[in-house]
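Chemist: Handing you this structure, nothing more for now.
The values are calculated or read from the model by the stated rules, or taken from the named source; none is laboratory data. Here the structure is a predicted model, which means the values were calculated and not measured. Here the Cβ positions follow ideal geometry from the backbone for every residue, glycine too, while neighbour counts run over all protein chains shown. To get the accessible areas, we keep the full protein, side chains included, count just its heavy atoms, and leave off ligands, DNA and RNA. Shrake-Rupley method; radii C 1.70, N 1.55, O 1.52, S 1.80 Å.
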Amino acid sequence: MEPLQIADKIKEKFPDEVLNVKEFRGQASVILKKDRILEICRHLHDDPDLYFDYLVDVCGVDYAGKKEKRFEVVYHLYSIKHRHSVRLKAEVSESAPEIDSVTAVWDGANWHERECYDMFGIIFSGHPDFRRILMPEDWEGHPLRKDYPVKGTEKEWPGFKAVLNRAKRFKEFEWQE
Amino acid sequence: MEQIEKTFETRELTINIGPQHPATHGVLRLVLTLDGETVIKCTPHVGYLHRGIEKLGENRTYFSALPLTDRLDYISSMNNNVGYVNAVEKLFGIEVPERAKFIRTMAAEMGRISSHIIWLGTHVLDIGATTPFLYAFRERERILDLFEALCGARLTVSYPRVGGVRNDISQEFLDELYAFVLEFPDRMDDYETLVTENRIWKKRTVGIGVISAEEAVNWGLTGGMLRGSGVNYDVRKHTPYDAYDRVEFDIPLGKNGDCYDRYLVRMGELRQANRIIKQCIEKLPLGPVMADAPKFTLPPKDMVLKDMEHLIHQFILITKGPVVPEGEIYSATEVPKGELGFYLVSDGSGKPYRMRVRAPSFVHASVLPKLCEGGLVADVIANIGSIDIVLGECDR
């Protein structure tokens, strides 16, 4: 199916949820409200004509100061059977950065959503194992936000000192007593 | 029985593997809960090699973000470069000359051989066979020597460029590569003799780490992991890029989705990669290796040194970056590990507004609990080898 046809099908089924459809270089993006994302994803996964069985990727984008709602959660879907793809974008505001998890539909969303939380601070409700993934668990801030400095924050990560101390202790250890 | 259990009190044991462990292929850390030798729970911890490549990419122009992609999957940096430049070209909307397409396809398949061969060596070494490891590095060395002849670098190549490749290839290089291609099938036969029907090898891999086709798709697995379960999905066939639609190759498929089938699939891929390189050398067309799109590609270096206009052009492109249409694209390529995707968002400036890397190793590491739970501790090692992850790509 052509990308725009897929977008039309989603629009037909969920007319109130679709905010906009954009096409660029032959790829369609469907911009959605976040509230019924799980329902939409389940429909896309189960519908025999669409049959998006493969969730390629989930990631966040920070549009600080550029858009009314600061974050977007971007889903890339692909159907191995029909060989077509679509991109869903759910708008998430800064004041309530929360969206439903789609792990119930695709198991593969698990780590992608954890990473999205780690990097942007978007909370995925209904996620089975929700914690940071790439950064240390006691890290402050979310590095891929646009207001996070590239060189890191002034404040040092408290875990760093603990690691140094431990390394020092190991150095002082006498192997032959 | 009850009496025995009362006498010998049993309890679950939690052990830690990694991050510094030779069998975890990098800095992967696993926390295992064991009941005797059986794994009840497996929790992977990643992020020890997180360098913030996505964040760094947002602060560089499209050209200078290229060397960052070398550092993703450092075993097959050529494939990452090809994936990245394909994404950027799609965003810019430029067409690459035929010759460059063939050279890239050839280089990418060389990268696939070098990556799969290191996977083969380390995977069988983990399970206990030392000999193929030593042989495998001999072949990898030859590929790396060829890379050196091609572009001067062995590991972090940065050879493809936005709009083509950095330099044209020489006849000596082609002759040497062709000699390698003719010899390689015999080497493959050697490995297969050593490993494929080996009784110990089969005992350790057949029926280990099984994942069904539906589950594999649902978990988002790609590459050898997915095809080992019998799902025919290969980016090179589904959405062909570069010259993959002009060469013939088969997609090896597994059946049972266990470690052994994944092994067979990757061995098949090695032979197919060799076949693709051979065809590329034979079909290599003549012509330029850089696209004629002065607004989006860097001018040739000799012209920059001689000509004022080109110098200014180079200066503008390097400092400000090109003027890119606003938009966003997702572009996927098949790297040795699976599907490597780049999601680029452009806001019209010379730098990507968002550079997302969809790393196959990250997804494959996430499926590790599914493969390991219920199996034995020794099988965890077989599974780690079989999923073929590189932590540089997983943590980015």
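Chemist: Can you tell me the order of B:191-200, B:271-280 when each peptide is scored by its average per-residue count of other Cβ atoms within 10 angstrom, highest first?
Modeler: Ranked from most to least packed, the peptides come out as B:271-280, B:191-200.
Chemist: Okay, moving on. Just the ratio, please: alpha-carbon radius of gyration of the protein assembly as shown over 2.2 N^0.38 Å, N its number of residues.
Modeler: That works out to 0.99 for the protein assembly as shown.
Chemist: Let me ask something additional. Straight-line reach from B:Lys41: which lysines have a Cα under 19 Å away, not including same-chain ones fewer than 8 places off?
Modeler: B:Lys370
Chemist: Enter the accessible area of A:Asp46 (Å², nearest 10), with the probe set to 1.4 Å and all protein chains included.
Modeler: 90 Å²
Chemist: Quick one: longest stretch of chain A between exposed loop chymotrypsin sites (Phe, Trp or Tyr not before Pro), exposed meaning at most 13 other C-beta atoms within 10 Å and loop per DSSP?
Modeler: Counting at most 13 other Cβ atoms within 10 Å as exposed, the longest clean stretch of chain A is A:1-172.
Chemist: Within the set A:Lys66/A:Lys155; A:Lys89/B:Lys320; B:Lys203/B:Lys255; A:Lys146/B:Lys301; A:Lys155/B:Lys351, which residue pairs have Cα atoms separated by over 24 Å?
Modeler: As for pairs spanning more than 24 Å Cα to Cα, those are A:Lys66/A:Lys155; A:Lys89/B:Lys320; A:Lys146/B:Lys301; A:Lys155/B:Lys351.
Chemist: Let me ask you something else. From other protein chains only, count the Cβ atoms within 10 Å of every residue's Cβ in B:39-46, then give the mean.
Modeler: 1
Chemist: A follow-up question, please. Decide, for segment B:282-324, between rounded, prolate and oblate: order the square roots of the alpha carbon gyration tensor eigenvalues as a ≥ b ≥ c, take rounded if a/c falls under 1.5, and otherwise choose prolate if a/b is larger than b/c, else oblate.
Modeler: Taking the square roots of the gyration eigenvalues as a ≥ b ≥ c, segment B:282-324 is oblate.
Chemist: Another question about this same structure. Mind scanning A:Lys9/A:Lys67; A:Lys151/B:Lys55; B:Lys237/B:Lys283; B:Lys202/B:Lys278 and naming the pairs with a C-alpha gap bigger than 21 Å?
Modeler: A:Lys9/A:Lys67; B:Lys202/B:Lys278
Chemist: Here's a follow-up. Just the number, please: carbon plus sulfur as a percent of the accessible area of chain B, 1.4 Å probe, no ligands or DNA/RNA counted.
Modeler: Answer for chain B is 55 percent, counting heavy atoms of protein chains only.
Chemist: Using a simple spin-label model with points 7 Å from Cα along the Cα→Cβ vector, what separation in nm is obtained for B:Met308 and A:Lys33?
Modeler: So the two model labels end up 6.1 nm from each other.
Chemist: Can you give the accessible area per residue of chain B, in Å², using a 1.4 Å probe?
Modeler: Computed with neighbouring chains in place, this is 39 Å² per residue.
Chemist: Taking 1 over the mean of 1/r across every pair of different Cα atoms in chain B, what Kirkwood radius in Å do you get?
Modeler: 22.2 Å
Chemist: Taking the Cα-to-Cβ direction at A:Glu137 and at B:Tyr178 and moving 7 Å from each Cα, how far apart do the two end points lie in nm?
Modeler: Modelled inter-label distance: 6.0 nm.
Chemist: Within 10 Å of each Cβ in peptide B:215-225, how many partner chain Cβ atoms are there on average? Round it to a whole number, please.
Modeler: Average per residue, whole number: 4.
Chemist: Something else: Specify the angular offset, from 0 to 90 degrees and rounded to the nearest 10, of the alpha carbon long axis of helix A:3-13 from the longest principal axis of the alpha carbons in chain A.
Modeler: Here the helix axis deviates by roughly 80 degrees.
Chemist: Name the most mobile residue of B:His25, B:His116, B:His50, meaning the one with the largest mean-square fluctuation, in a Gaussian network model of chain B with Cα contacts below 10 Å.
Modeler: Largest GNM mean-square fluctuation: B:His50.
Chemist: Please work out the FRET efficiency for the pair B:Gln171 and A:Ala64, using the Cβ-Cβ distance as r and a Förster radius of 60 Å; give the result to the nearest 0.05.
Modeler: For B:Gln171 and A:Ala64, the calculated efficiency is 0.65.
Chemist: Also, quick follow-up: Accessible surface of B:Tyr135 in the full protein assembly, 1.4 angstrom probe, to the nearest 10 Å²?
Modeler: About 100 Å², rounded to the nearest 10.
Chemist: Quick one: check the C-alpha center-to-center distance for segment B:126-166 versus segment B:273-318, whole angstrom.
Modeler: 23 Å
Chemist: Now, a different point. List the cysteines in chain B whose Cβ has no other cysteine Cβ under 4.7 Å from it.
Modeler: B:Cys151, B:Cys259, B:Cys280, B:Cys394
Chemist: While we're looking at this one, here's another question. Name the residue from A:Trp139, A:Phe124, A:His43 whose Cα lies farthest towards the positive end of the charge dipole of segment A:3-146, charges +1 on Cβ of Lys and Arg and -1 on Cβ of Asp and Glu.
Modeler: Working it through, the farthest residue towards the positive pole turns out to be A:His43.
Chemist: In addition: Compute the distance from the alpha-carbon center of segment A:98-124 to that of segment B:204-226, in whole Å.
Modeler: Their Cα centres are 22 Å away from one another.
Chemist: Shifting gears a bit: Checking an interface number: how much accessible area is buried between B and A, summed over both chains, with a 1.4 Å probe, in Å² rounded to 100?
Modeler: In total, chains B and A hide about 3900 Å² from solvent.
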